[in-house]
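Q: Take this structure first; my questions come after.
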């Protein structure tokens, strides 16, 4: 793990470091959701890890701790129509940009999971597998995952039959079968191949 305390730059001053990550690039339905988190160096949060490697219960528990103990946190999103218009990579970068811009405390430096960085008002670096290497990015991945999963569960009630509460919009066999049976809904990404073929 790369600790925030290790990220001291030329000035010798610890910068307000934001970890940034997104969730929802692969699904056929729903938004892509991003989070930005600035951890408080004086309040260590134990158990931070890549959200995909944590149980749902552990993610939910850590999300509440992060919201309570972090110096600042915010969510950003890109909607289905933006994903279809821009493409999923650009929509993901837009969601991350919105998350950083929504922080109540301005970040001075951002570490972004992956190989691409959004256009940000602060210095930014991409970190490959950052969600398992940098605690602030792990925290962001947890908040984004919990927020998006909750939204997909809510959308399951509005769009019954697709199984959104179970697969969260990912292209499972059950989801593809439901699309073939029920047709394409307004929350499905029409630019994605399995959906596009049914239009």
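The values are calculated or read from the model by the stated rules, or taken from the named source; none is laboratory data. Model, not experiment: these values are computed from the prediction. So basically every Cβ, Gly included, is an ideal-geometry build from the backbone, and we count neighbours across all protein chains shown.
Q: Quick test for you: out of 153, 137, pick the one residue that is in contact with a helix residue (DSSP H, G or I) (Cβ under 9 Å, 6 or more places away or on another chain) and under 18 Å from residue 71 (Cβ atoms).
A: It is 137.
Q: Follow-up question, since we're still on this one. Would you confirm, using the coordinates I've provided, whether residue 115 is surrounded by fewer than 19 Cβ atoms within 10 Å (Cβ to Cβ) and closer than 19 Å to residue 189 by Cα?
A: no
Q: Just the residues that are closer than 25 Å to residue 106 by Cβ, touching a residue at least 60 places away in the same chain (Cβ under 8 Å) and either buried (at least 18 other Cβ atoms within 10 Å of the Cβ) or over 17 Å from the mean Cα position of the chain (by Cα) (or both), please, taken from the stretch 52-74.
A: 62, 63, 66, 70, 73
Q: Does any residue of the stretch 152-167 turn out to be touching a residue at least 24 places away in the same chain (Cβ under 8 Å), buried (at least 19 other Cβ atoms within 10 Å of the Cβ), within 18 Å of residue 91 (Cα to Cα) and touching a strand residue (DSSP E or B) at 6+ places or on another chain (Cβ under 7 Å)?
A: no
Q: What residue, among those in the stretch 24-47 that are in a loop (DSSP other than H, G, I, E, B), in contact with a strand residue (DSSP E or B) (Cβ under 7 Å, 6 or more places away or on another chain) and at pLDDT 95 or above, is surrounded by the most Cβ atoms within 10 Å (Cβ to Cβ)?
A: By that ranking, first place goes to 24.
Q: Right, here's the next one. Identify the single condition in (1) within 24 Å of residue 87 (Cβ to Cβ); (2) touching a helix residue (DSSP H, G or I) at 6+ places or on another chain (Cβ under 6 Å); (3) buried (at least 17 other Cβ atoms within 10 Å of the Cβ) that residue 146 does not satisfy, given that it satisfies every other one.
A: In the conditions (1) within 24 Å of residue 87 (Cβ to Cβ); (2) touching a helix residue (DSSP H, G or I) at 6+ places or on another chain (Cβ under 6 Å); (3) buried (at least 17 other Cβ atoms within 10 Å of the Cβ), residue 146 misses (1) alone.
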